[in-house]
Amino acid sequence: MLLRHSILDVVDFVSEMAYDNLCSIPRTTPPCKHSTFEFSEFVTRHLQQVGVDLSKVLMGLPFYGRDMYKGGAKAYYELGDAGEGDEVDGYFFNNHQTLEAKVDLARSRKMAGVMIWELGQDRGRESGRSLLAGLGDYVNSFETRLERRRNKRRKRGSAGREEL
């Protein structure tokens, strides 16, 4: 968690790997949820408090799950169906809703973006459960809504000028 600020002067970005928290922060006993939204908030807040320029920080998103008792990892494609939850067969992972919340956190803190560890652990788009496809749809829907609002403002602005 220690990052010397001078390194940010010579790199384009750094990756905030806010996952693999195995009952360390806060110190707890199993079950350990390695990559909660709250842990991402904690790491991001800490970086901000020590003066790190968040516009050079990518928030890490895990495409795998960890055994909440033993710590072993499984690729997302190896995990069973958790429905809407973040847990399946004793493994904790980030579902679509958690990943979307983390994307929103990165946006709200004006971070450089997000990075994924690791794309090869995702399910294929054809499965209907791909994390990357879900994130793409979410980001694209956000961009579409944002563009619609901009267009409405432009139309209102140009309509007002025409009346003058």
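The values are calculated or read from the model by the stated rules, or taken from the named source; none is laboratory data. This structure is a prediction, so every number in the text was calculated from the model and none was measured. We place every Cβ from the backbone using ideal geometry, glycine too, and count neighbours over all the protein chains shown. Just the protein is used for accessible areas: all its heavy atoms, side chains included, with ligands, DNA and RNA removed. Shrake-Rupley method; radii C 1.70, N 1.55, O 1.52, S 1.80 Å.
Miscellaneous remarks
- Where ASP20 falls short, out of the listed (1) within 22 Å of ASP104 (Cα to Cα); (2) touching a strand residue (DSSP E or B) at 6+ places or on another chain (Cβ under 6 Å): (2)
- In this structure, ALA106 qualifies as buried (at least 18 other Cβ atoms within 10 Å of the Cβ), small (Gly, Ala, Ser) and assigned to a helix (DSSP H, G or I).
- Any chance ASP122 is within 24 Å of ASN21 (Cα to Cα), modelled with pLDDT under 95 and either aliphatic (A, V, I, L, M) or more than 12 Å from the chain's Cα centre (by Cα) (or both): no
- Selection of strands (runs of 3 or more DSSP E) fully inside region 19-78 by the criterion of at least 2 residues being open to solvent by 50 Å² or more (accessible area, probe 1.4 Å) returns 73-75.
- Meets criteria (crowded, with 17+ Cβ neighbours inside 10 Å, farther than 18 Å from ALA133 by Cα and not hydrophobic (A, V, I, L, M, F, W, C)) for SER15: no
- Of the residues making up region 9-57, those that are of a type in the set (S, T, N, Q) and within 20 Å of GLU118 (Cα to Cα) are SER15, ASN21, SER35, THR36, SER40.
- Test: CYS32 is more than 20 Å from GLN121 (Cα to Cα), in contact (Cβ under 8 Å) with a residue 40 or more places away in the chain and touching a Cys at 6+ places or on another chain (Cβ under 8 Å): yes
- Within region 1-12, considering residues that are of a type in the set (A, V, I, L, M, F, W, C) and free of Cβ contacts under 8 Å to residues at least 40 places away in the same chain, the one most open to solvent (accessible area, probe 1.4 Å): LEU2
- Flag if ASP89 is open to solvent by 60 Å² or more (accessible area, probe 1.4 Å) and on the phi > 0 side of the Ramachandran plot: yes
- Of all the listed residues (GLY134, GLY120), the sole one being open to solvent by less than 20 Å² (accessible area, probe 1.4 Å), farther than 24 Å from PHE42 by Cβ and not in a loop (DSSP other than H, G, I, E, B) is GLY134.
- When we screen ASP89, ASP81 for residues that are touching a strand residue (DSSP E or B) at 6+ places or on another chain (Cβ under 8 Å) and modelled with pLDDT under 95, the only hit is ASP81.
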